[in-house]
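Asks: Questions regarding the structure given below will be posed in turn.
Every read-out reported here was derived from the displayed coordinates using simple, explicitly stated rules and does not represent laboratory data. Given the structure is predicted, the values throughout are model-derived calculations rather than measurements. Cβ atoms come from the backbone with ideal geometry, glycine included; neighbour counts cover every protein chain shown.
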Amino acid sequence: MESYISIAVGYAVKILGALAVFIIGRWVVRKLADLLEVALKKADVDETLVKFLGNAAYFLLLILVIIAALGTLGINTTSFAAIVGAVGLAVGLALQNNMSNIGAGVLILFLKPFKVGDFIEAGGVSGTVEALGIVNTTLRTPDNVRIFVPNSSITSGSIKNYSAEPIRRIDLVIGIGYDDDIKKAKEVLYEILNSDPRILKEPAPSVSVAELADSSINLNVRPWVKREDYWAVRSDLLERIKERFDAEGISIPYPQMDVHADVKLLDRKVS
């Protein structure tokens, strides 16, 4: 009888010890994860990455606490650790694509090539960044379509951030006819540029001959504006250039082909 009691007491002690290890260990792990999040926030790490790293640290440390608690019960934790490792490997292989997206998400959050609110072109699409996720990034297109782009698609190619700089240059190519006066056309274009208060004085706008094309003389028109004024100024410039050129008698030619025929040669062939 006493032997059964001693065995029961021994098991009870082990169970209580395991519970104590688990409860105290989980409390310590939670505190450590919280301290990690506080340290990351002080280091100005992105909030999404802070939560991800905090949760990852918590669950990894909690697994160690569970293994320690099972060891207190007298369970062979070597085989248990091997099982956990095998399960982790299987899950990792099954989620291989998502793991690459997670890795790319962490890279984006660390390097910060863009932030929420930026207009970017990446992963074959363009739009305003609405959310930075660990697996994907959410973009909203100008026509109000929401796109979820896998992070690995973003980091595997080039990223164009149109909101990174405070100013942008508008690049217009304006064609005039070969019979038009280049000097007059440039003066008119400079008048249009200088009359718009949204166009910056520094860097100064420029107008130059770009190409002697087949049907027109092409002029490069390159003013600088604040990034928020880009599309409005671009649209207004095109409209005002057309109106002023019409008023000044400057043509904007469309593609055409001049055909010259030898009349004498045609007459010989007909006869």
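Asks: So, R0 is 30 Å and r is the distance between the beta-carbons of ASN144 and LYS41; what FRET efficiency does that work out to, to 0.05?
Replies: Here the calculated transfer efficiency is 0.35.
Asks: Using 0.36 nm per residue, how much length does the chain from VAL125 to ARG227 gain when fully extended, once their Cα-Cα distance is taken away?
Replies: On the way: separation 102, 0.36 × 102 = 36.72 nm, distance 1.98 nm.
Using 0.36 nm per residue and subtracting the Cα-Cα distance, I get 34.7 nm.
Asks: Separate question: Lysines near LYS42 by alpha-carbon distance under 27 Å, same-chain residues fewer than 8 away left out - which ones?
Replies: Here the lysines satisfying the reach criterion relative to LYS42 are LYS31, LYS51, LYS112, LYS115.
Asks: Using 0.36 nm per residue of separation minus the Cα-Cα distance, give me the extension gain between ASP171 and ASN194 in nm, one decimal.
Replies: 6.7 nm
Asks: Determine, for LEU219, LEU16, LEU107, the number of other Cβ atoms within 10 Å of each Cβ, and report the residues in order from fewest to most.
Replies: Fewest-to-most Cβ neighbours within 10 Å comes out as LEU16, LEU107, LEU219.
Asks: Additional query: Using the structure shown, list the pairs from LYS41/LYS160; LYS160/LYS226; LYS14/LYS41; LYS160/LYS186 with a Cα-Cα distance above 29 Å, or answer none.
Replies: Long pairs (Cα-Cα over 29 Å): LYS14/LYS41; LYS160/LYS186.
Asks: Right, next: Quick one: if the Förster radius is 22 Å, what FRET efficiency do ASN55 and ILE159 give, using the C-beta to C-beta distance and rounding to 0.05?
Replies: It comes out at approximately 0.25.
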